[in-house]
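These notes are about the structure you will find just below.
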Amino acid sequence: MSHNHPHHEEESPHGLLAEYETTEAILAAAERAYSLGYRKMDAYSSVPVEGLAEAMGMKKNLVAPLVFLGGLGGGLTGFFMQWFASVVHYPYDIGGRPLNSWPAFIPVTFELTVLGAASLATFGMLALNGLPKPYNPLFNDANFAARCTTDGYFLCLEADDPKFDLEASRALLAEFHPKSITIVDR
C-alpha cells in the first residue's frame, strides 16, 4: 500500500516562519511586513515584546466594549429580575414599604454586574483569539515547538495573505538576519 500523496505537493504551505534572536529584530521585521501590506501574520515570543502587537496592526480590540456590555447586561438582568419578582409577579406589602424598594436590589444587581462582565470578558477573549485551537501547523516545526516558550522570537507570514509570495516573503524576513527561515506545511 502506497502512502504517496500526490496532492500534498500542490497544497500551499501554511506560511514562512522566521526565528529572530532579539526583540528589536522581530519588531523591525513585523513593522516592515505591515508597512509592505502584509496583514495575515503572527508573532510568537516567550516574553512580552513592547509594541509588537501595534507593529502588526493590532491597534484596537473588542474586549473592553464586551466587558462593558456584559456588566450592563448582568446588572440590568439582576435589577429587573428582582423588580419583576417584587412588583409584578409576587407583590407583597411588608410594613408599608414600597413594592419597588430598589436599595434592597443593589447587592444582587452588583453581583450580577460582576458575573456578566467577567463571563463575557472570558468567553469574548477566547472567541476573539480563535480559541480553543486544537491544531496549529507551527507545532510541526521541531525548532518552534522546542523554543517558542523558552527563548525564541518567531514571526510567521501566512500564505493566505494576498501579499504572500514565497520568494519575496523569504527575502523580506531575511532582511533582519533571522537565525532560521522555514516553510511551515499545513
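Observations on the model:
- Failed condition for residue 37, given (1) over 30 Å from residue 143 (Cα atoms); (2) at pLDDT 95 or above: (1)
- Considered as a group, the residues in the stretch 57-76 that are exposed (fewer than 14 other Cβ atoms within 10 Å of the Cβ) and aliphatic (A, V, I, L, M) include one that is farthest from the chain's Cα centre (by Cα), and that residue is 64.
- Considering the conditions (1) assigned to a helix (DSSP H, G or I); (2) surrounded by fewer than 14 Cβ atoms within 10 Å (Cβ to Cβ), residue 138 is excluded by exactly one of them, (2).
- Residue in the stretch 149-186 that is nearest to residue 17 (Cα to Cα), counting only those that are among the hydroxyl-bearing types (Ser, Thr, Tyr) and either over 21 Å from the mean Cα position of the chain (by Cα) or surrounded by 14 or more Cβ atoms within 10 Å (Cβ to Cβ) (or both): 182
- Number of the exception - residue 111 against (1) of a type in the set (D, E, K, R); (2) assigned to a helix (DSSP H, G or I); (3) touching a Pro at 6+ places or on another chain (Cβ under 9 Å): (3)
- Among the residues listed as 117, 146, the single one being of a type in the set (A, V, I, L, M, F, W, C), surrounded by 15 or more Cβ atoms within 10 Å (Cβ to Cβ) and in a helix (DSSP H, G or I): 117
- Selection within the stretch 33-83 - under 21 Å from residue 122 (Cβ atoms), part of a loop (DSSP other than H, G, I, E, B) and touching a Gly at 6+ places or on another chain (Cβ under 8 Å): 62
- Qualifying residue in the stretch 80-95 (condition: touching a helix residue (DSSP H, G or I) at 6+ places or on another chain (Cβ under 6 Å) and either in contact (Cβ under 8 Å) with a residue 12 or more places away in the chain or of a type in the set (Gly, Ala, Ser) (or both)): yes
The values are calculated or read from the model by the stated rules, or taken from the named source; none is laboratory data. Being a predicted model, the structure only gives us computed values, none of them experimental. Reconstructed Cβ throughout: ideal geometry from the backbone, glycine too, with neighbour counts over all protein chains shown.
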